[in-house]
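The values are calculated or read from the model by the stated rules, or taken from the named source; none is laboratory data. Just so you know, these numbers come straight off a predicted model, no measurement behind them. Cβ: placed from backbone, ideal geometry, glycine included. Neighbour counts: every protein chain shown. The accessibility values were calculated without ligands, DNA or RNA, using every heavy atom of the protein model including side chains. Shrake-Rupley method; radii C 1.70, N 1.55, O 1.52, S 1.80 Å.
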Amino acid sequence: MFRKRTTRGGFTLIELIITVAIVGVLSATAIGLFRVQQLRAKRTEAMTNLEAVAKMERGYFGENGLYPAASPAPAGAPGIKQNWDALALASFGPLGFKAEGSVFFVYDVNSANGVCPCPSGGCFTVSAYGDSDRDGAIAVVAYFHPDDAGVACPVQVFPAIGPPIDPVDGLPIVDQPVDIFQWSGPIADDY
């Protein structure tokens with residue numbers, strides 16, 4: 001009689017363990033990268049809004065000869081998605097700026113009309129404060145516009161912070177949005 005030869009068509013236990021381990025490593029890597037991309041997308045909101053406010057500040061200066069200040073708004077905690085509220089509309093009303101949709105950051109403008117010690121009145125700083133990863137550490141993204149003498153307003157909420165220095169040329173980073181997360185102290189949001 002003929003004996004039928006049977007072969008097993010499954011995986012061994014070692015093959016299954018290796019496959020599960022590889023899938024686990026890939027999943028952990030993908031989740032971490034996805035989280036980083038989410039945080040960067042939130043920071044992009046701040047960068048975009050700072051550019052828009054800075055353009056509106058320059059336009060307002062061209063028409064009225066001064067840079068208006070704006071108190072921190074909206075009136076919620078940084079990092080929590082919130083609507084552009086009545087305080088924000090009142091604060092940024094002279095500029096005509098209104099954020100579209102909800103925002104993760106709190107925004108303000110410091111100028112000679114606010115608490116900036118700018119002697120010429122020709123400088124302003126737009127700041128965004130956020131806690132993108134909601135760990136309690138606040139990050140600052142700012143746009144520093146100095147006057148003709150190079151004097152720039154400090155960040156309104158953290159007055160010790162001025163324009164960071166570019167490590168390549170040793171000059172202050174001005175007239176562009178810049179992350180100030182590398183500063184020590186209460187400002188350290190990891191994105």
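Looking at this structure, is Lys98 surrounded by fewer than 16 Cβ atoms within 10 Å (Cβ to Cβ), charged (D, E, K, R), under 22 Å from the mean Cα position of the chain (by Cα) and at pLDDT 90 or above?
yes
Return the pair list, or none, for Cβ contacts closer than 6 Å from residues in region 128-145 that are within 21 Å of Ile165 (Cβ to Cβ) and crowded, with 24+ Cβ neighbours inside 10 Å to residues that are of a type in the set (D, E, K, R) and at pLDDT below 80, at least 6 apart or on different chains.
Close Cβ pairs (under 6 Å, with a partner that is of a type in the set (D, E, K, R) and at pLDDT below 80) amount to Ala139/Asp189.
Looking only at region 171-187, which residues are within 10 Å of Val140 (Cβ to Cβ) and at pLDDT 50 or above?
Hits for region 171-187 are Val178, Asp179, Ile180, Phe181.
I want to confirm something. Restricting to region 56-93 and keeping residues that are surrounded by 13 or more Cβ atoms within 10 Å (Cβ to Cβ) and among the acidic types (Asp, Glu), which single residue is nearest to Phe105 (Cα to Cα)?
Asp85
Among Val53, Val109, which is the only one that is open to solvent by less than 70 Å² (accessible area, probe 1.4 Å), under 17 Å from Gln176 (Cα atoms), hydrophobic (A, V, I, L, M, F, W, C) and not in a helix (DSSP H, G or I)?
Val109
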